[in-house]
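First the structure, in the form of structure tokens, and then the observations on it.
The values are calculated or read from the model by the stated rules, or taken from the named source; none is laboratory data. Just so you know, these numbers come straight off a predicted model, no measurement behind them. Neighbour counts run over all protein chains shown; Cβ positions are idealised from the backbone, glycine included. The area values use the complete protein model at the heavy-atom level, side chains included, leaving out ligands, DNA and RNA. Shrake-Rupley method; radii C 1.70, N 1.55, O 1.52, S 1.80 Å.
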Amino acid sequence: MSALDDFLRLLQLQCSVYHNQQVCGDWLLEEHAVGQTCFHLVSHGECILDVGGHETALRTGDVVLFPREIRHRLVPISPPGYPGERHDLSEKWRPDATGLLCAAIRFEHRASEQLLDAWPEYLIVRHHSEAARWLMPVLEQLVAVSRSGGPGSEVIVDRLAEVVFMEVVRHCIRDARQPVGFLTAYTDPALSRAMKGFHESPDEPWTLEKAAGTAHMSRARFARTFKVASGWTWRRYQTWWRMQLAWSALSKGESVLSVAQSVGYQSEAAFSRTFRRHFGMYAGEVRRGVQFNGVGLD
């Protein structure tokens with residue numbers, strides 16, 4: 001496993017497919033819920049994505065991701081002269097139809113904010129890009145399960161949609177043209193090795209010297225390389241990761257003292273101060289299941 005695996009697990013994401021049909025005629029699909037994380041996958045045919053008057057053609061295999069959904073429309077490229085119709089994928093493919101799978105992503109952990117904040121308002125992964133190597137087999141499986149239907153098919157489709165989302169994350173991290181904040185550091189084998197070592201023992205004093213040694217670099221080179229790749233200092237990343245782990249443990253009801261010790265703090269008071277600065281609320285509040293942004297944490 002890598003440091004990126006740890007991050008993706010930390011997110012605790014759940015995917016729910018809310019549209020998986022073929023549409024034809026003069027159809028229109030608009031935003032599902034402004035502010036939510038979602039994506040649209042063109043499983044068949046083509047269409048136009050309209051965001052604030054800016055139009056982009058989408059074709060089979062293309063994915064458009066909205067980190068926080070904004071107002072937009074999906075419409076046919078050349079609307080036929082009859083009203084829009086929707087048909088299940090289990091029906092015979094219509095030559096004039098566009099297959100669309102739309103899914104909402106929900107995160108159980110606040111660590112997702114770092115990922116969502118790093119992305120633009122929306123991004124498109126093309127089927128003909130390097131991503132196609134992983135996207136097309138998943139797309140084929142999605143279509144096959146959707147068309148066959150039967151018991152359990154909806155759960156399988158939701159899980160496959162989660163794979164699509166995580167692969168989009170991996171694709172964007174690898175794409176140098178798409179900066180994703182500190183996540184870029186996960187693509188550097190040496191930096192990732194140090195981060196993974198730290199993830200495995202966050203209760204230990206991971207000094208800059210220890211991290212540099214794990215990455216087989218000098219202290220100066222490691223500090224410089226990490227800052228250039230992530231935009232963060234090594235110390236800032238350490239604090240951030242420890243606080244994410246602490247949030248998870250506290251939301252499960254673990255005591256403040258035990259959580260503080262598990263993430264490397266000898267003093268409960270010092271841990272509580274850092275937690276308060278980081279999240280703007282007390283560790284005890286999270287432990288008691290206080291709601292954050294309307295989402296229950298217990």
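Filter region 88-102 down to the residues that are modelled with pLDDT under 90 and either farther than 15 Å from R59 by Cα or among the hydrophobic types (A, V, I, L, M, F, W, C) (or both), then identify the one that is surrounded by the fewest Cβ atoms within 10 Å (Cβ to Cβ).
My answer is K92.
If you check A33 against the conditions, is it among the small types (G, A, S) and at pLDDT 95 or above?
No.
Looking only at region 122-140, count every residue that is buried (at least 17 other Cβ atoms within 10 Å of the Cβ) and hydroxyl-bearing (S, T, Y) and tell me the total.
1
Condition first: under 30 Å from the mean Cα position of the chain (by Cα), open to solvent by less than 80 Å² (accessible area, probe 1.4 Å) and farther than 22 Å from G52 by Cα. Now tell me which residues in region 73-87 satisfy that.
Within region 73-87, just H87 meets the criteria.
Q261 passes all but one of (1) crowded, with 16+ Cβ neighbours inside 10 Å; (2) out of contact with any His (no Cβ under 9 Å at 6 or more places or on another chain); (3) part of a helix (DSSP H, G or I); which number fails?
The number of the failed condition is (1).
Please go through region 103-121 and pick out each residue that is open to solvent by less than 20 Å² (accessible area, probe 1.4 Å) and polar (S, T, N, Q).
S112
Can you name the residue in region 28-45 that is open to solvent by 20 Å² or more (accessible area, probe 1.4 Å) and touching a Ser or Thr at 6+ places or on another chain (Cβ under 7 Å) and is also farthest from V168 (Cα to Cα) among such residues?
Across region 28-45, the extreme among qualifying residues is G45.
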